[in-house]
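Handing you this structure, nothing more for now.
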Amino acid sequence: MASGFGYTGGRSRCFAYWQEFQKCYSQADSPQQCQLPAEDYLECLHHTKEIARANAVKAEFIKQAEHQAKEGRKVADVLADGVIVGVGLIQRDRGGESKDK
């Protein structure tokens with residue numbers, strides 16, 4: 001923790017995690033007791049688990065795109081959708097025909 005101040009002069013985004021870790025560390029008998037607050041603080045700083053999960057999601061998306069390519073759909077069409085994860089609210093019309101007609 002360098003200064004505790006963010007770019008805008010207020011608290012940094014990870015300051016709360018730092019306080020939790022510091023509180024645990026000051027009250028602990030051994031440093032191993034504070035493993036979880038330390039991991040939370042480091043995740044907030046570096047986003048390593050978040051990046052690993054995003055890479056896993058992307059790899060699965062590419063794997064499914066290749067599988068769909070084997071079924072006859074072009075990989076470029078799948079990747080052109082541009083969405084790795086969707087909530088399914090908007091359905092893209094695949095046939096080129098509109099439902100209004």
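The values are calculated or read from the model by the stated rules, or taken from the named source; none is laboratory data. Please read these numbers as outputs of a predicted model, since none were measured by experiment. FYI the Cβ positions are ideal-geometry reconstructions off the backbone, even for glycines, and counts take in every protein chain you see.
If you scan region 42-101, which residues turn out to be more than 30 Å from Ser12 (Cα to Cα), at pLDDT 80 or above and small (Gly, Ala, Ser)?
Ala59
Now for a different question. Of all the residues that make up region 6-30, how many are more than 9 Å from Tyr41 (Cα to Cα), touching a residue at least 12 places away in the same chain (Cβ under 8 Å) and in a loop (DSSP other than H, G, I, E, B)?
Counting residues in region 6-30 that are more than 9 Å from Tyr41 (Cα to Cα), touching a residue at least 12 places away in the same chain (Cβ under 8 Å) and in a loop (DSSP other than H, G, I, E, B) gives 1.
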